[in-house]
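The values are calculated or read from the model by the stated rules, or taken from the named source; none is laboratory data. Not measured: the values here are computed from a predicted model. Neighbour counts are summed over all protein chains in view; Cβ atoms, including those assigned to glycine, are modelled from backbone coordinates with ideal geometry.
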Amino acid sequence: MTDDSSTRVLIAGASGDTGTELLAVLRPTDLTVRATTRSHASVDYLERLGADDVLVADFFEPGDAVAAVEDCDLVYCALGTPPSYRHTIGGKLVDRTGVSNLLTAAVGEDVSHFVHQSAIGVGSSKAGLSVPARLALRGSLKAKADAETAIRRSGIDYTILRPGRLTNEPPNGDIVVGEGGDSVAGSIRRTDVARVMAAAPFTPAARNRTLEVVNRDGLSGSPKRVVDVDWAFDRVKADRDRMRL
C-alpha cells in the first residue's frame, strides 16, 4: 500500500468508545475511512469526527457485513456487546456472530489485513482476569474466543489485540506487549489501544499474531513473555496531540 489516499479502511463499531477513539487517530491520515454504526442517530456524530462515509449496519445480518467491507483494503473490528446480562449468559452475541459475518465478508472482499479488538481474559489469556470477572463475563469471553479462533483459521492476514481493563485517561504511549496468553495483565488507556490498532496493519511484526497489551503504569503483577513490537505510529500519524477528540 504505497498510496494511502487510495486505501479505504473500515471501522466496524465506530460509534463505540474504542471505535470513536480509533476514528480520531485515523482522522489526520490520508486514508479514506468508512465508519459503521447500528444507529441512524450516530451518523452525523461520526461524520463530524472525520469519517469520510458512514454506513448504518447490523452485523448480525450477513448482507450488511458485505456492504460494509465493499471496496475496503483494511478492516478494524471494534465490535462488542454493550453492558448487559448477555455478557454472562452468552447466546447470540455480536462478539461471535457479528465478527464472524464481518470476517466472512472481509475474506470474500480479499481484504489485506483484519485488526480485531479482543480482551485479556479470552482464551489462553484467562489468567490475566480475576475469577469473579471471568464468571461475570463468561458468555462474552467464550464468544470472543470463538471469534479469535475463526480469524486465525480464516487465512486472512490479521492482528488480534487483547487489551487489559480499558480506562479513559489520556494516552501515554508506554505500552507493554505480551504474547502467549499468560503474559501481561492490568489496564490500558483506550486511546493507546486505538493507536496500536491503527498502526497494526503497517507494522510487520504484528502480522498474524495475538498480542496482549497494557500500559506500564497499569501493570498488574510481573509481566511474562514480553515482546518488542516497533509499532508504525508514524505511518498513521498517531501522535498524542493529533488524536485527541
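Hey, among the residues in region 12-50 that are β-branched (Val, Ile, Thr) and closer than 17 Å to Pro82 by Cα, which one's surrounded by the most Cβ atoms within 10 Å (Cβ to Cβ)? Among those residues, the one meeting the criterion is Thr36. Contact map, region 95-112: residues that are more than 16 Å from Thr149 (Cα to Cα) paired with residues that are part of a helix (DSSP H, G or I), Cβ distance under 6 Å, separation 6+ or inter-chain. Pairs shown: Ala105/Ala65; Ala105/Val66; Ala105/Val69; Glu109/Val69. Yes or no: Arg209 surrounded by 15 or more Cβ atoms within 10 Å (Cβ to Cβ), touching a residue at least 12 places away in the same chain (Cβ under 8 Å), more than 25 Å from Leu46 (Cβ to Cβ) and in contact with an Asp or Glu (Cβ under 6 Å, 6 or more places away or on another chain)? Here the answer is no, as Arg209 does not meet what is asked.
Of the helices (runs of 4 or more DSSP H) lying entirely inside region 57-161, those containing at least 2 residues that are among the charged types (D, E, K, R) and at pLDDT 95 or above are 138-153. Being surrounded by 15 or more Cβ atoms within 10 Å (Cβ to Cβ) and in contact with a Cys (Cβ under 7 Å, 6 or more places away or on another chain) is a description that applies to Val115. Residue count for region 180-232, restricted to those that are among the hydroxyl-bearing types (Ser, Thr, Tyr) and part of a strand (DSSP E or B): 2. In region 146-165, the residues that are surrounded by fewer than 17 Cβ atoms within 10 Å (Cβ to Cβ) reach residues that are aromatic (Phe, Trp, Tyr) and modelled with pLDDT of 95 or more with C-beta atoms within less than 8 angstrom, at least six apart or across chains, in these pairs: Arg152/Tyr158; Ser154/Phe114; Asp157/Phe114.
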